[in-house]
Amino acid sequence: MKQWNKHKYPYMFIAPAVILLTLFSIIPIIIALVISFTDMDLVGLADYSNIRGVGFSNYLDIFKDPVFLKSMYNTLIYVVIGVPLVVVFSMAVAMLLNYGTGWLFKSFRVIYYMPSITNIVAVAVVWGYLYNGTYGLFNYVLSWFDIPAQQWLQDPALAKLSLILLAFWKSIGLNMIIFLAALQGIPRSYYEAAEIDGATGWKKIRYITVPLLGFATFFVTITTLIGWIQFFEEPLVMTKGGPLNATMSMALFIYNNGFQLSKFGYAASGSFVLFIIIIIVTLIQFAVKKKEVEY
C-alpha cells in the first residue's frame, strides 16, 4: 500500500488522457472490428436481433469489389504523386522564407500557411470556379497559348491531377511551419565553419541543411503519408468520387458504403483494411529511419 501511495501521482496525472483515449479511440476501434464481422445495416442498428455474424465474408467480398480495387489504385496514385511533392515543396518554401528577412518574407509565411486553416468547403467553391470548363481561370490562361479548354473535373485522368493539385496547395502551409521551426534550430556555427572551408550555397544545403532536417523530414513524411492514404475531403466535396470512380479514394469508398448505403459491416471491413495499410506503411517508414540512424 505504501508503494502505491508513493507512485500514485504519475498515474493520477495520466489517468484523464488514458480514460479519454480508451473511451473515444480504443473502445470504438474494438466495436468497429466486431461490426466488420457482421452484416449490420440500418435494420440491425434499430434492432440488434437482426444482426448476423458473417465471419470473414465482408473482407473476402471487399477484395472482389471493383469499386474498392479502383479506390485502392486511386489512393496509390494520390500517395505516390502527392506525398513527394508536398515534402519537397514544403522544405523548399521553408528554406526560402527562412533565409529571407524583412516584413515581406514574414507576410509570405502567413500567406503560405492560410490554405491549411481554410475550410475545405470554401476552398472547394473557389477551386470549382478555377476548374470550371467554360469560364474557369485555368482554361482562360490556357487560351493565351491557344490550348483548348480542358474538362478538369470531368476527364478521369485530369480529375485525379486536379484533386492532387488542390490537396497539394492546401498541405504546404502546415508542413512549411514544421520545417521552418527545424531550420531555425540549426546552429549558425555549422554554416560559418562550412564558409571558412569554401562551401558554396548549394553544398551547405546538401551537406548541412538537408541532413540536419532529417527528423523533421521524417515527421512530415509520416504525417503527410497517413493523411494522403486517408484522402477524403477533396474528392467528397469536388467530385463525389467521379467521373466513373476515377477519383474514388478508399476513405470515400468507406464513407459511401457506411453513410450513404448504410452497409455498416461492409464499411467497417474496408476501414480495417485501410487501418492495416496505414500501420504497415508507418512501420516500414520507422524501419527505414532506424536503419539510417544506425548507419
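Remarks
- Residues that are more than 23 Å from the chain's Cα centre (by Cα) and among the polar types (S, T, N, Q) were ranked within segment 168-189; the one that is farthest from G82 (Cα to Cα) is S189.
- Filter result for I254 (at pLDDT 90 or above, surrounded by fewer than 15 Cβ atoms within 10 Å (Cβ to Cβ), on the phi < 0 side of the Ramachandran plot and assigned to a helix (DSSP H, G or I)): no
- Only residues that are among the charged types (D, E, K, R) and either touching a strand residue (DSSP E or B) at 6+ places or on another chain (Cβ under 7 Å) or under 28 Å from L85 (Cβ atoms) (or both) were counted across segment 190-219, and they come to 3.
Listed here are the residues, each with its yes/no results for (1) assigned to a helix (DSSP H, G or I); (2) within 22 Å of P84 (Cα to Cα).
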{"position": "E234", "(1), (2)": "yes, yes"}
{"position": "V237", "(1), (2)": "yes, no"}
{"position": "K240", "(1), (2)": "no, no"}
{"position": "A246", "(1), (2)": "no, yes"}
{"position": "Y266", "(1), (2)": "yes, no"}
{"position": "F272", "(1), (2)": "yes, no"}
{"position": "I280", "(1), (2)": "yes, yes"}
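- From the options V121, V83, residue that is touching a helix residue (DSSP H, G or I) at 6+ places or on another chain (Cβ under 7 Å), of a type in the set (V, I, T), farther than 15 Å from T247 by Cα and crowded, with 18+ Cβ neighbours inside 10 Å: V83
- If you check Y129, Y191, Y113 for being exposed (fewer than 14 other Cβ atoms within 10 Å of the Cβ) and in contact with a helix residue (DSSP H, G or I) (Cβ under 9 Å, 6 or more places away or on another chain), only one passes: Y129.
- Residues of segment 196-205 satisfying the condition of being surrounded by fewer than 10 Cβ atoms within 10 Å (Cβ to Cβ) and either under 38 Å from the mean Cα position of the chain (by Cα) or assigned to a helix (DSSP H, G or I) (or both): I196, W202
- Helices (runs of 4 or more DSSP H) completely within segment 85-195 that count 2 or more residues being β-branched (V, I, T) and modelled with pLDDT of 85 or more: 120-130, 156-183
- W228 vs. criteria at pLDDT 90 or above and either under 30 Å from K70 (Cα atoms) or part of a helix (DSSP H, G or I) (or both): yes
- Annotation note: of I229, I208, the sole residue that is surrounded by 16 or more Cβ atoms within 10 Å (Cβ to Cβ) and touching a residue at least 60 places away in the same chain (Cβ under 8 Å) is I229.
- Scan of segment 45-78 for residues that are over 20 Å from L252 (Cβ atoms), not charged (D, E, K, R) and not in a helix (DSSP H, G or I), ordered by number: I51, G53, V54, G55, F56
- The number of residues in segment 26-44 being in contact with a helix residue (DSSP H, G or I) (Cβ under 7 Å, 6 or more places away or on another chain) and assigned to a helix (DSSP H, G or I) comes to 5.
The values are calculated or read from the model by the stated rules, or taken from the named source; none is laboratory data. Keep in mind the model is a prediction, meaning the values are calculated, not measured. Please note: Cβ atoms are built from the backbone with ideal geometry, for glycine as well, and neighbour counts cover all protein chains shown.
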